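K.L.:
So that we are looking at the same thing, I have put the structure below in structure tokens.
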Amino acid sequence: MTADRLSFAAEAGMTLPEDGRILLLGAPGELDASALPLTRCTVVQRFAPDHAAWARRGVAVALAPEGEFAAAVVYPARARELTEQRIAEACAAVPSGMIVVDGPKTDGIEPLLKAIKARSPITGQVSKAHGKCFWFNGSDAFADWAHGPAQNRHGMWTAPGVFSADAPDPGSELLLSVLPAKLGAQVADLGAGWGGLAAGILSRDSVTTLHLVEADHSALDCARRNVSDPRAQFHWADALDWKAPARLDAVVMNPPFHIGRKPDPALGRAFITAARRILKPSGSLWLVANRHLPYEPQLEADFRHSEEIAGDARFKILHGYRPKA
């Protein structure tokens, strides 16, 4: 659909420069980019699976813009502050050239258009495929949208778009309250975020290594600031295919269950299977989930024993042990 909007926008008068580099900010790895000159594009993508997908496609991919660009295409994020950050990055990299914003209504494209109109003239726009594509000239009018990592009121470093940025997640806190004193020596937190579970895990003396595995590079940077314990090791990777250096004694996690704005329990189930793959035959998985999520059948499929060990009206704490071969 994005390619349709960009093509439709080109028919309506939006013309990308014929020369110079084009910056793509937040472009998903599976993007239909037939309307873009990919040989001149650089994708800035901090989410490991999408970063890897662009690399496999042979497109230049980076964690941050470097140098100036002739134009930029911005793809809005689920979190408004992260979208604003991308707009600010685009304007800094394209100080006077064309900035194109392309997104669906579900990612807040209409209120974003209104907010940008209040700061800069819109030079064109089209509506198509349940979304909008609009463009304007880069300027310093969006410098204050350059949101970066910051400490929340609890003193923890978080960043725009990171899960539970304002405060510790109550589900994670419930999980930590029921973890056993002895977890084993080698432990992983899959989908570690900004490190909300790490301090509680590392309070167990049995832990000699904690692997924090996180796909969001910004979240992992925050975790590095929040977790100074030398037993912590940080991995920017997709938890679904991360390979542990050796089989683990335990996995502790609060797995995601959204892809974009859409709830998808299959993602959490895939995390459970990923945990089974990296555990020792005697290993244990401890996870928290929203009460309504149907994870029990997957636990039964992947572990010889599984049970709910605690919970309340919102959350349940599940334990799987002795993973199946």
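K.L.:
Hey, among the residues in region 282-294 that are more than 21 Å from Val187 (Cα to Cα) and not basic (Lys, Arg), which one's surrounded by the most Cβ atoms within 10 Å (Cβ to Cβ)? Reasoning before the result, please.
P.N.:
Let us first name the residues in region 282-294 that are more than 21 Å from Val187 (Cα to Cα), namely 290-294.
Filter again for not basic (Lys, Arg), leaving 290, 292-294.
Numbers: Asn290: 14, His292: 10, Leu293: 16, Pro294: 10.
Selected residue: Leu293.
K.L.:
Any residue at all in region 173-186 that's touching a Lys or Arg at 6+ places or on another chain (Cβ under 9 Å), of a type in the set (Ser, Thr, Tyr), assigned to a helix (DSSP H, G or I) and under 27 Å from Arg277 (Cα atoms)?
P.N.:
Our first condition is that a residue be touching a Lys or Arg at 6+ places or on another chain (Cβ under 9 Å); within region 173-186, this holds for 174, 179-184, 186.
From the residues that got through so far, the ones that are of a type in the set (Ser, Thr, Tyr) too are none.
Looking through region 173-186, none of the residues is touching a Lys or Arg at 6+ places or on another chain (Cβ under 9 Å), of a type in the set (Ser, Thr, Tyr), assigned to a helix (DSSP H, G or I) and under 27 Å from Arg277 (Cα atoms).
Yes or no, residue by residue, for (1) in contact with a Lys or Arg (Cβ under 8 Å, 6 or more places away or on another chain); (2) of a type in the set (Phe, Trp, Tyr):
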residue: Leu36; (1), (2): no, no
residue: Arg40; (1), (2): yes, no
residue: Val43; (1), (2): no, no
residue: Ala48; (1), (2): no, no
residue: Arg57; (1), (2): no, no
residue: Ala62; (1), (2): no, no
residue: Phe69; (1), (2): yes, yes
residue: Ala72; (1), (2): no, no
residue: Arg80; (1), (2): no, no
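Every residue, every condition in (1) in contact with a Phe, Trp or Tyr (Cβ under 9 Å, 6 or more places away or on another chain); (2) among the aliphatic types (A, V, I, L, M); (3) under 30 Å from Thr83 (Cα atoms); (4) open to solvent by 20 Å² or more (accessible area, probe 1.4 Å), yes or no:
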residue: Gln186; (1), (2), (3), (4): no, no, no, yes
residue: Gly193; (1), (2), (3), (4): yes, no, yes, no
residue: Gly196; (1), (2), (3), (4): yes, no, yes, yes
residue: Ile201; (1), (2), (3), (4): no, yes, no, no
residue: Cys222; (1), (2), (3), (4): yes, no, yes, no
residue: Phe234; (1), (2), (3), (4): no, no, yes, yes
residue: Ala239; (1), (2), (3), (4): yes, yes, yes, no
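K.L.:
Pull up region 135-158, narrow it to residues that are in contact with a strand residue (DSSP E or B) (Cβ under 6 Å, 6 or more places away or on another chain) and over 30 Å from Gly13 (Cα atoms), then point me to the one that is surrounded by the fewest Cβ atoms within 10 Å (Cβ to Cβ).
P.N.:
As a first pass, look at region 135-158 and keep what is in contact with a strand residue (DSSP E or B) (Cβ under 6 Å, 6 or more places away or on another chain): 135-136, 138, 149, 151-152, 157.
Restricting the remaining residues to those that are over 30 Å from Gly13 (Cα atoms) gives 149, 151-152, 157.
Numbers: Pro149: 16, Gln151: 12, Asn152: 14, Trp157: 20.
In this case the residue turns out to be Gln151.
A quick yes/no check of all residues on (1) in contact with a Pro (Cβ under 6 Å, 6 or more places away or on another chain); (2) over 18 Å from Gly26 (Cα atoms):
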residue: Ala71; (1), (2): yes, no
residue: Pro76; (1), (2): no, no
residue: Arg86; (1), (2): no, no
residue: Ala93; (1), (2): yes, no
residue: Met98; (1), (2): no, no
residue: Thr123; (1), (2): no, yes
residue: Ala129; (1), (2): no, yes
residue: Phe134; (1), (2): no, no
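K.L.:
OK, next. Given region 188-292, what strands (runs of 3 or more DSSP E) lie entirely inside it while holding 1 or more residues that are over 18 Å from His319 (Cα atoms)? So that I can check it myself, show each step before the final result.
P.N.:
Working: elements: 209-214, 232-236, 248-253, 279-290.
The qualifying strands (runs of 3 or more DSSP E) are 209-214, 232-236.
The values are calculated or read from the model by the stated rules, or taken from the named source; none is laboratory data. Not measured: the values here are computed from a predicted model. For neighbour counting, all protein chains shown are included, and Cβ atoms are generated from backbone atoms with ideal geometry for every residue, glycine included. Quick note on the areas: whole protein, heavy atoms, side chains included, nothing else; ligands and nucleic acids left out. Shrake-Rupley method; radii C 1.70, N 1.55, O 1.52, S 1.80 Å.
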